[in-house]
Amino acid sequence: MSTYVTAVLRTDEPPLMHEAVLEAVRLLKEGEVVALPTETVYGLAANALDANAVAKIFEAKERPTFDPLIVHLPNKTQLDLVADVPPEIAQTVKQLTERFWPGPLTLLLPKKSIVPDIVTAGLPTVAVRVSSNAVFKRIISALDKPLAAPSANRFGSISPTSASAVLAELDTRIHLIIDAGASLYGLESTIIKIEPGSPKPLITIVRPGPLTPEDLKVYGKVKVATRTVVDEATEAPGQLASHYAPRTPLRLLSRPSDFIPEEGKRYALMSYRGEEKDGYLHLCEWEEVMMLSPGNGKLPEAAVRFFHILRRLDELGVDEIIAEPLHEHGMGIAMMDKLRRASVRRP
């Protein structure tokens, strides 16, 4: 694997923004990969129409080529460049893109031949979205090409929601990280597929994310796909059985009564809201307790803090991270999905 001196460029002042955009576009035009902010998590971007450039994403992340990537478009008018929209779902696609693009919604659609097979893992579908992040929009608009951009971390590990988290994952593996502060949502985009149905189309949430079943139900009959339990080729990113995992073993504890601490082991707790009445705070002498939504139990706040807190707990060097369950509705569906995958240990 090639090694680089990884630069981090800020965007919090106009001259810095201008310099960062120019440098990111230069590298992308040269077929390199660049870590970019999005409203969901930071992404590792390359020209989606350049197979050699996309291959560098897989190399830097150590990502298996059977795991497809999301293609980000400069704007929704370019959807026809990379995907075919079947006539029987065209009206639903139009409604969804008018309502949620730019934003954290990814559509699975039949791909066009212009999209290299490495992007879609050889599958006939492509995952497509338009980001609302202002910095990402400037860069992709200046490039005027679709970008493949999975999360900017090593494969299977904790997704990054800040430039510093990207640096911890990919330092020396890429040329450049564009720093635009913390991600807005803190969870990867919601991925859906649409099928004809009567009286409403069928919308399957393939990967839960910031947009919830409640957000989508006006556009069709919504269901959440059954969780994948084996590691094999999947139709969308983030569906492998083991994913989003810290280096430290993590256990999702359904009930406080299920926990019996082992003598000599050091434990840390990821608490939903840090309330004694939930029954987790006094199970043992925790090395650290970190709360996703202190005292409030607000799922959007928990989502923003989710990967950040998980990364901080992973850095403690404890023997095991114990995670409380969250309410499994709204954005809690996505966080519980990620906790279940994070608790599956690779051999």
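Positive contributions from Lys and Arg (+1) and negative ones from Asp and Glu (-1), summed over other residues with Cβ under 11 Å from the Cβ of PRO124, come out at -1. Normalised by residue number, the volume inside the convex hull of the Cα atoms of the chain is 140 Å³ per residue. Using R0 = 22 Å, the C-beta based FRET efficiency linking GLN91 and ASP144 works out to 0.20.
Model label points for SER254 and THR226, set 7 angstrom from Cα along the Cα-to-Cβ axis, are 1.7 nm apart.
Taking every alpha-carbon pair under 8 Å whose residues sit at least 6 apart, the range 7-179 reaches a relative contact order of 37 percent. For the range 165-321, relative contact order (Cα pairs under 8 Å, six or more residues apart, normalised by length) works out to 20 percent. In order along the range 44-56, the phi-based Karplus estimate (6.51 cos²θ - 1.76 cosθ + 1.60, θ = phi - 60°) of 3J(HN,Hα) comes to 9, 9, 8, 4, 5, 9, 10, 4, 5, 5, 4, 4, 5 Hz; Gly and Pro are listed as x.
For the listed residue pairs LYS277/LYS298; LYS112/LYS137; LYS94/LYS145; LYS29/LYS61; LYS29/LYS223; LYS76/LYS217, the alpha carbons are over 28 angstrom apart in LYS29/LYS223.
Pairwise Cα distances in the range 7-179 exceed 21 Å for 44 percent of all pairs. Beta bridges per DSSP, both residues in the range 47-136: antiparallel share near 60 percent. Could you tally the net charge around ALA134, taking each other residue with its Cβ under 13 Å from the Cβ of ALA134, Lys/Arg +1 and Asp/Glu -1? Its environment carries a net charge of 0.
To the nearest 0.05, what FRET efficiency results for ASN52 and VAL344 with a Förster distance of 25 Å applied to their C-beta separation? After rounding, the FRET efficiency stands at 0.15. Net charge in the neighbourhood of HIS327 (other residues with Cβ under 12 Å of its Cβ; Lys, Arg +1, Asp, Glu -1) is -1. How would you rank GLU62, GLU188, going from fewest to most other Cβ atoms within 10 Å of each one's own Cβ? The most exposed by this proxy come first: GLU62, GLU188. Using a 7 Å offset from the Cα along the Cα-to-Cβ direction at both VAL218 and LYS277, what is the distance between the two label points in nm, to one decimal? Going by the 7 Å Cα→Cβ label model, 3.4 nm.
Only DSSP H runs of four or more residues enter the estimate; each adds -39500 (n - 2.57), and after division by the residues of the chain the mean residue ellipticity at 222 nm equals -8000 deg cm²/dmol. Antiparallel beta bridges, as assigned by DSSP with both residues in the chain, represent about 40 percent of the total such bridges. Once C-alpha pairs closer than 8 Å and six or more residues apart are averaged by separation and normalised to the residue number of the chain, the relative contact order reads 19 percent. Normalised by 2.2 N^0.38 Å, with N the number of residues, the alpha-carbon radius of gyration of the range 250-342 equals 1.00.
Bear in mind that the values in this text are calculations on the coordinates, not laboratory data. Just so you know, these numbers come straight off a predicted model, no measurement behind them. Virtual Cβ from ideal backbone geometry, glycine too; neighbours counted across all protein chains shown.
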